[in-house]
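Student: Below you'll find the structure I mean.
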Amino acid sequence: MFEILKFPFVQNAIIGGEVVAVIAGILGPLLVFRKMSFVSVGVSHGTFAGIALGIFLGISPLGTAVIFAIVLGILIGFVSRTGKVSEDATIGTLFAFSMALGIWLISLNKGYHPDVMGYLFGDLLAISRKDVYFAIVILAITSFWYLKRGKAIIYSSFDEDFSKIVGIPVELDYYLFMAISALITVGAVNFVGVVLASSMMIAPAVSAKMLSKRFKMITFLSIIFGMVSIFVGIILSFEFNISSGPSVVFVTTTIFFISLLIKWLKNIQK
């Protein structure tokens, strides 16, 4: 089973995937506690328009996806904050528009585009060394942001009004959070695809939240669950000849139900 680890393309998939799992594990609990889980769904689907724009213009789809996702993330935040509209409602409108825009741009570009399916559903085993470097850059940016503003974001996640009183720049932190969330989502999309990226972001965090009440432990477990999902998903994908993106999601969902069962058993014993 583990003989596949000797192949360079599998090594790229595992290294890059594990890096993305760490990033998603850091962000996921914040999204869950802020009741913004749908943000990852909206931005990941919205990223498709950025990818389609890159394909249409004949430039790097990843580059246009990053720009489009960050703009979309900040726009979602701006509309929600200034228009007094919930993030969910804003996302529901904008991600449908982004998907429609992406489909329209792809249809304008004549010819067959096999990469589109990879972007939609992911293909970890097609990950290049450049993709691994991209994931590492995102990890570096995320780590720097988390070290500098993570504590403030956590405080405002639980009590935004008190955070304002003690001088935390809540509005600035909010938009930075949306931009970082969009960047991380693009990293997840690059590995598991547009359709499945939200599972990589949210499922490990929700599973961890069912097993612990301490934020640090939830973040730690979220990272571990994500890393296990990537590794086991890649192995299963290779062994059973199935797409790697869905394979990873099968594992994250299995962990979710195991965590749910453990929580249920604990409640029975009380």
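Where a number appears in this text, it was derived from the coordinates with a stated rule and is not lab data. As the structure is a prediction and not an experimental result, all values here were calculated from the model. Cβ placement follows ideal geometry from the backbone for every residue including glycine, while neighbour counts extend to all protein chains displayed.
Student: Order of TYR133, TYR119, TYR174 from fewest to most other C-beta atoms within 10 Å?
Tutor: Starting with the residue having the fewest Cβ neighbours, the order is TYR133, TYR174, TYR119.
Student: A further question on this structure: Please list 3J(HN,Hα) in residue order for segment 248-255, calculated via the Karplus relation 6.51 cos²θ - 1.76 cosθ + 1.60 where θ = phi - 60°; whole Hz, with x for glycine and proline.
Tutor: 5, 5, 4, 5, 4, 5, 4, 4
Student: Residue-wise, which Karplus ³J(HN,Hα) couplings in Hz belong to segment 138-146, taking 6.51 cos²θ - 1.76 cosθ + 1.60, θ = phi - 60°, and x for glycine or proline?
Tutor: So the J values, rounded to whole Hz, are 4, 4, 5, 5, 5, 4, 4, 4, 5.
Student: Counting other beta carbons within 10 Å of each residue's own, what order do MET99, MET200, MET36 fall into, fewest first?
Tutor: Working: MET99 17, MET200 34, MET36 23.
Fewest-to-most Cβ neighbours within 10 Å comes out as MET99, MET36, MET200.
Student: Of the cross-linked pairs LYS148/LYS213; LYS84/LYS209; LYS130/LYS216; LYS35/LYS266; LYS84/LYS164; LYS35/LYS130, which ones have a Cα-Cα span greater than 27 Å in the structure shown? Each step should come with its number before you reach the end.
Tutor: On the way: LYS148/LYS213 24 Å; LYS84/LYS209 29 Å; LYS130/LYS216 32 Å; LYS35/LYS266 25 Å; LYS84/LYS164 18 Å; LYS35/LYS130 34 Å.
Over 27 Å Cα-Cα: LYS84/LYS209; LYS130/LYS216; LYS35/LYS130.
Student: Using a Gaussian network model of the chain with C-alpha springs under 10 Å, which one of SER229, SER86, SER37 is most mobile by mean-square fluctuation?
Tutor: SER86
Student: If you wrap a convex hull around the C-alpha atoms of segment 119-270 and split its volume per residue, what is the figure in Å³? Mind dumping the intermediate values first?
Tutor: Values: hull volume 18.5 nm³, N = 152.
Per residue, the Cα convex hull of segment 119-270 comes to 122 Å³.
Student: Tell me, what ³J(HN,Hα) does each residue in segment 211-216 have, in order and in whole Hz, if you take phi through Karplus 6.51 cos²θ - 1.76 cosθ + 1.60 with θ = phi - 60° and put x for Gly and Pro?
Tutor: With the stated coefficients, segment 211-216 comes to 9, 8, 10, 8, 4, 4 Hz.
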